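Heads up, the thing below is written out as structure tokens.
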There are 2 protein chains.
Amino acid sequence: MAQKPSIPKGTRDFGPVQLMRRNFIFESIKSVFKNHGYQGIETPAMETLTTLMGKYGEEGDKLIFKILNSGDFAAKIGMDDFVSLLDKENPTLRVSKKMTPQISEKALRYDLTVPFARYIVQHRHETVFPFKRYQIQPVWRADRPQKGRYREFYQCDADVIGSTSLLNEVELIQIIKEVFNSINIRFVIKLNNRKILAGIAETIGQADKIIDITVAIDKLDKIGLEKVNQELINRGLPTDAVSKLQPILHLTGDNLSKLDQLSDVLKDSVTGMKGIAEIRTVLSHCSDLDLEDLVELDLTLARGLNYYTGAIIEVKALDVAMGSICGGGRYDDLTGIFGLPDVSGVGISFGADRIYDILESLDAFPDDALLSTMVLFVNFGDKEITSCLPIASSLRRAGISTEVYPDSAKIKKQMSYANSNSIPFVILAGENELSAGSLTIKNMKEGTQESVPIQQITKYILEQSQ
Amino acid sequence: MAQKPSIPKGTRDFGPVQLMRRNFIFESIKSVFKNHGYQGIETPAMETLTTLMGKYGEEGDKLIFKILNSGDFAAKIGMDDFVSLLDKENPTLRVSKKMTPQISEKALRYDLTVPFARYIVQHRHETVFPFKRYQIQPVWRADRPQKGRYREFYQCDADVIGSTSLLNEVELIQIIKEVFNSINIRFVIKLNNRKILAGIAETIGQADKIIDITVAIDKLDKIGLEKVNQELINRGLPTDAVSKLQPILHLTGDNLSKLDQLSDVLKDSVTGMKGIAEIRTVLSHCSDLDLEDLVELDLTLARGLNYYTGAIIEVKALDVAMGSICGGGRYDDLTGIFGLPDVSGVGISFGADRIYDILESLDAFPDDALLSTMVLFVNFGDKEITSCLPIASSLRRAGISTEVYPDSAKIKKQMSYANSNSIPFVILAGENELSAGSLTIKNMKEGTQESVPIQQITKYILEQSQ
């Protein structure tokens, strides 16, 4: 009996139109990365389990897709036997000892950051630092699938590693601007600095409560000041700490004015003042580059507090309510876990799937027709089509994508094929046309048609398609 | 203790230069596919185990990488517990019953053909036939890794499905020619037809020995006629069948003359004569398109006899001894296994890794420098570099990929960065240059330098880089 075909939940097929649209996004991002001198790398889909485990917290470990060592042991004992080994009733169970340590030693990558850290350490002698790399590849997570969350999705990362200069943060902001401008998405860049958050926690005498404080502040807009203060107390902050926090909950004005108020509050925290100085430097360069209107200081931004040590960056679309469409930050010790300490880096990651959803909801993808086949030769039969083949070849040599309908099917079917595939020009070359040396070219969009001498067809199509 | 980083055997990292070169190959292939109207699709890395198992023979099944259902059960019991379950000494073994049926239900795709068949059946109502699709994605095989054989590698496939016209075979031959011409590899296309092989087996009364006969014929060049005949007898062919085969082992002359001799031998086999007619049609169209010198009838070509039903195609490089660099054929019932019978297709697959190795051994990749950063601004300090940022932006707006060295490191280090990354132009903008309004541009290849007014830098670089 035939199988009913399906794909694993949380994964997707991409048909021609979807793929063209996805590639439009990937190519737009890649082209900005390259224009700033970022170099592409690719790492394997599979990493060793030891490379990945323990890097994403306990929850992350569970979401890593592990791969059975099928090449090694399944070749010997077979999948069915393997499964039967798991059944305690089965007497062949004693074979299991041989394979126990080897059941899985590989897994699918969970993000691009850990593989990049592994890459850097493994290839450090052939890498020139600072190293500006981009990487656009799929990652896999055994998350529960839901709308907008997939088990296979692409990340588009750019990182600079081996430089502590804040010019890198500025460049990433430029890149964000250029990417979203090029694909016509209006956006705001939220900027924070982990050192400021640490400074706040330190200043109110609650250095270990940095995450609780940030989570509560984050709710200010939604639940109001009173409830935020209550939540802080519920989270174990003493009332005097909550009092000391009040000026920070009352920050007003533009970025610079907020920074002035913050400087006042955090003046006794070396870490906090360092964070403020870093943001001032970044904002000052942004101002030189007319980027300052795009950047908004946001103390509630708390992504990646487990690994970010300086800047924290997040981008939100203005016209569509959606989570972050790009995020990143600075990490001071990415490669330490693989034996190369003190390598600072800063990077951002674009969320291609969310960007896709936004462009779709705004109906803002470029015209698909531009990307499809330009010309279709109708097939009137073997004799006629034989004469068309060299003409089709000469169109292709001029860069005009051209198809010859392979079967001499009914004309109606062939025209319908052209319509379904949005092919703008259809060439009708029957016996009469061919002997007269002029072919009929039908403009599918306009519904018009013209007779064009064979030698002028390439020129005609090039002119008409401009 | 820090881990010593490594990647799974048989997998590879691709650094910037390798990736640019690989992308050159992929882009060349893709551009020819698109020029012929093939549309891209992508399928998930993971397919359900039932989609893949049983499609590649017993050996293939063993080489499929299976994925543990980590999202489902490891989340509940944890990897360590899971591994311990496999140890018969462990008393928690009784938990195993719960998970036995669910240990693995997904696997990494083994090729692009079976996922494509699955795609076609699953999306048949939204697909326009004939469907010309290309697909360039990695596949995974748990093969023993060795030189030139990897566990993760890309396939670049083009197939036409839903058309029995031999014009499709002709187009694939055109595509092969255009791809290898565009990347400058000299090649020969070997062509065979499964119906001819079947006709030969039928004619000598050994219809079930088609593979034995082909394998033996394949050795003609290497071991000579006498030993081939001996092998045929060893493989169980009666001596009279071997005698009847002799005219086929003695075919001489060009393609058409060989076909004439074959027609004589196979005149009583309907299947054999159909195969000959098919090849004649393909060769006749090739001749109309000046492709006939590239195509060689080769009766020893026997790839894919398990699924090909018509044309069998294989491409070999002329200047480097290497296995096939492209191969394919026609299959009459690809989608039957998934419940959609009688859909004929024909396709080819390019081997990107072998093509890479050939281009490398011929030193025939395009100049890497063309693809890297064009301009580097040396960083003399915060004040100077602040003035450089807007100039760098204006260069990028003109499409000139530009970097600003992020740290005010020693000039020697910055120049060495430019050298290592093959950056052709370095701009030196110290305090004096900036106040004079003219920056020093160093041509790294020529070793010359010039002072250029700031307003003219974009124009200067565009002119110099042509």
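The values are calculated or read from the model by the stated rules, or taken from the named source; none is laboratory data. Here the structure is a predicted model, which means the values were calculated and not measured. In this analysis, Cβ positions are derived from the backbone assuming ideal geometry, glycine residues included, and neighbour counts consider all displayed protein chains. Ligands, DNA and RNA are stripped out before the accessible areas are found, and what is left, the full protein with its side chains, is counted by its heavy atoms. Shrake-Rupley method; radii C 1.70, N 1.55, O 1.52, S 1.80 Å.
Just a few scattered comments:
- When the test is whether a residue is outside any loop (DSSP other than H, G, I, E, B), at pLDDT below 95 and under 29 Å from B:Thr50 (Cβ atoms), B:Ile348 does not pass it.
- Check on A:Gly37, assigned to a helix (DSSP H, G or I) and open to solvent by less than 30 Å² (accessible area, probe 1.4 Å): no
- From the list B:Val160, B:Val128, B:Val170, the one residue that fits, being closer than 27 Å to B:Arg22 by Cβ and either of a type in the set (A, V, I, L, M, F, W, C) or under 17 Å from the mean Cα position of the chain (by Cα) (or both), is B:Val160.
- Every condition in (1) outside any loop (DSSP other than H, G, I, E, B); (2) closer than 30 Å to A:Ser465 by Cβ; (3) among the charged types (D, E, K, R) holds for A:Asp357 except the one numbered (2).
- Set side by side, the residues B:Ser416, B:Ser401, B:Ser408 differ, and just one is within 28 Å of A:Ser28 (Cα to Cα) and of a type outside the set (A, V, I, L, M, F, W, C), which is B:Ser401.
- Qualifying residue in region A:304-313 (condition: in a loop (DSSP other than H, G, I, E, B), within 14 Å of chain B (Cβ to nearest Cβ) and surrounded by fewer than 23 Cβ atoms within 10 Å (Cβ to Cβ)): no
- Flag if A:Val426 is open to solvent by less than 30 Å² (accessible area, probe 1.4 Å), in contact with a helix residue (DSSP H, G or I) (Cβ under 9 Å, 6 or more places away or on another chain), within 9 Å of chain B (Cβ to nearest Cβ) and closer than 17 Å to A:Ile461 by Cβ: no
Let's see how each residue does on (1) closer than 25 Å to B:Gln246 by Cα; (2) under 18 Å from the mean Cα position of the chain (by Cα); (3) modelled with pLDDT of 90 or more:
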{"site": "B:Leu297", "(1), (2), (3)": "yes, no, yes"}
{"site": "B:Ala302", "(1), (2), (3)": "yes, no, no"}
{"site": "B:Leu305", "(1), (2), (3)": "yes, no, no"}
{"site": "B:Tyr308", "(1), (2), (3)": "no, no, yes"}
{"site": "B:Ile312", "(1), (2), (3)": "yes, yes, yes"}
{"site": "B:Ala317", "(1), (2), (3)": "no, yes, yes"}
{"site": "B:Gly323", "(1), (2), (3)": "no, yes, no"}
{"site": "B:Cys326", "(1), (2), (3)": "no, yes, yes"}
{"site": "B:Gly329", "(1), (2), (3)": "no, yes, yes"}
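- So B:Ile279, is it assigned to a helix (DSSP H, G or I), open to solvent by less than 50 Å² (accessible area, probe 1.4 Å) and either over 24 Å from B:Glu296 (Cβ atoms) or without any contact (Cβ under 8 Å) to a residue 60 or more places away in the chain (or both): no
- Residue under evaluation A:Asp260, criteria (1) open to solvent by 30 Å² or more (accessible area, probe 1.4 Å); (2) modelled with pLDDT of 95 or more; (3) in contact with a Leu (Cβ under 9 Å, 6 or more places away or on another chain); (4) among the acidic types (Asp, Glu), criterion not met: (3)
- For the criterion of being within 35 Å of the chain's Cα centre (by Cα) and touching a residue at least 60 places away in the same chain (Cβ under 8 Å), B:Asp367 fails.
- Answer residue from region B:437-453, given it is among the β-branched types (Val, Ile, Thr) and touching a strand residue (DSSP E or B) at 6+ places or on another chain (Cβ under 6 Å) and is surrounded by the fewest Cβ atoms within 10 Å (Cβ to Cβ) among those: B:Thr440
- Cβ-Cβ contacts under 6 Å between residues 6 or more apart (or on different chains), taken from a first residue in region B:246-269 that is closer than 15 Å to B:Asn192 by Cβ and in the same structural domain as B:Lys227 (by TED's automatic domain parsing) to a second residue that is open to solvent by 40 Å² or more (accessible area, probe 1.4 Å) and basic (Lys, Arg), are listed as B:Leu251/B:Lys258.
- Filter pass, A:Pro341 being surrounded by fewer than 17 Cβ atoms within 10 Å (Cβ to Cβ) and more than 20 Å from B:Ile41 (Cβ to Cβ): yes
- Of residues in region A:357-405 being on the phi > 0 side of the Ramachandran plot and more than 8 Å from chain B (Cβ to nearest Cβ), the one modelled with the highest pLDDT: A:Gly381
- Residues satisfying the stated conditions in region A:407-423, i.e. part of a loop (DSSP other than H, G, I, E, B) and open to solvent by 20 Å² or more (accessible area, probe 1.4 Å): A:Asp407, A:Ser408, A:Ala409, A:Lys410, A:Asn421, A:Ser422
- Being open to solvent by 10 Å² or more (accessible area, probe 1.4 Å), at pLDDT below 90, more than 16 Å from B:Ser349 (Cα to Cα) and not in a strand (DSSP E or B) is a description that applies to B:Glu89.
- Those residues of region B:284-303 which are in contact (Cβ under 8 Å) with a residue 40 or more places away in the chain and more than 13 Å from chain A (Cβ to nearest Cβ), in sequence order: B:Leu294, B:Val295, B:Glu296, B:Leu297, B:Asp298, B:Leu299, B:Thr300, B:Leu301, B:Ala302
- The numbered conditions (1) in a strand (DSSP E or B); (2) open to solvent by 30 Å² or more (accessible area, probe 1.4 Å) are all true for A:Leu376 except (2).
- Selection within region B:314-335 - outside any strand (DSSP E or B), more than 12 Å from B:Arg194 (Cα to Cα) and in contact (Cβ under 8 Å) with a residue 12 or more places away in the chain: B:Leu318, B:Asp319, B:Val320, B:Met322, B:Gly323, B:Ser324, B:Ile325, B:Asp333, B:Leu334, B:Thr335
- Count - residues of region A:106-165 that are part of a strand (DSSP E or B) and out of contact with any helix residue (DSSP H, G or I) (no Cβ under 8 Å at 6 or more places or on another chain): 9
- Filter pass, A:Ile67 being in contact with a Phe, Trp or Tyr (Cβ under 7 Å, 6 or more places away or on another chain), at the interface with another protein chain (Cβ under 7 Å from one of its Cβ atoms) and not in a loop (DSSP other than H, G, I, E, B): yes
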